[in-house]
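Take a look at the structure below.
Only the coordinates and a few stated rules stand behind these numbers; no lab work does. Since we're looking at a predicted model, the values are computed, not measured. Methodologically, a virtual Cβ is constructed for each residue, glycine included, from the backbone with ideal geometry; neighbour enumeration extends over all protein chains shown.
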Amino acid sequence: MNVADQSVLLRHPTTNLRPAVERHLWQLAATELPPRLLELAASLHVTVQRVSVRNQRSRWGSCSRSGTISLNWRLIQTPDYVRDYICVHELMHRREMNHSARYWQHVAEAFPRWEEAERWLKANNGLLR
Ligand SMILES: [Zn+2]
């Protein structure tokens, strides 16, 4: 960085854009994720009671026994196929509330690219923090 660049930075102390950007992304997530989940639910013939978009720190999504699916707003920052995979992953828990071999069979049938999506999530786990 040369001297001219430094003086520009000193005259404009960095504003922290992160809160505003996150708010915007959350809004986008709340608008876009639930309809997509419901679309996938309909095509897979799975019923859902409720969809919520939340700020989880350790998971991308969850599914309760009563049929509420929660999605992490950060999914809005992942590729489309990864977002879809998480939706399908949670939807398949409506069939099996576990990660048994039978569960993964449902996932593989509903979403053939699931392994690729899992790899992406592992490699980009830092997005959750
Ligand atoms: Zn799961």
*Treat every Asp and Glu Cβ in the chain as -1 and every Lys and Arg Cβ as +1, leave all other atoms uncharged, and give the resulting dipole magnitude about the Cα centre to the nearest 20 debye.*
500 debye
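If packing is taken as the average number of other Cβ atoms within 10 Å across a peptide's residues, how do 84-91, 98-105 rank, most packed first? All intermediate terms of the calculation are to be shown ahead of the outcome.
Details: 84-91: 24.6, 98-105: 11.8.
Packing proxy ranking, top to bottom: 84-91, 98-105.
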*Across segment 34-44, in residue order, what do the Karplus-derived ³J(HN,Hα) couplings come to in whole Hz, using 6.51 cos²θ - 1.76 cosθ + 1.60 with θ = phi - 60° and x for Gly and Pro?*
x, x, 5, 4, 5, 5, 5, 4, 5, 6, 9
*Could you go through segment 78-83 in sequence order and give the Karplus-derived ³J(HN,Hα) for each residue, using 6.51 cos²θ - 1.76 cosθ + 1.60 with θ = phi - 60°, rounded to whole Hz, and x for Gly and Pro?*
9, x, 3, 5, 6, 4
_Bins of 10 Å, starting at 0 and running to the largest distance - Cα pair percent for segment 18-128_ = 15, 49, 31, 5, 0
*For segment 54-71, in order, what is each residue's ³J(HN,Hα) by Karplus, 6.51 cos²θ - 1.76 cosθ + 1.60 with θ = phi - 60°, in whole Hz (x at glycine and Pro)?*
10, 10, 7, 9, 10, 9, 8, x, 7, 9, 8, 4, 7, x, 8, 10, 10, 10
_Amide H partners (placed H, <5 Å) of Val53, local residues excluded_ = Leu71
*Tally the DSSP beta bridges in the chain and give the antiparallel ones as a percent, rounded to 5.*
40 percent
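So for the chain, averaging the separation of alpha carbon pairs under 8 Å that are six or more residues apart and normalising by length, what relative contact order in percent results? If you can, show how the numbers build up before the last one.
Numbers: 134 pairs, mean separation 28.1, N = 129.
So the answer I get is 22 percent.
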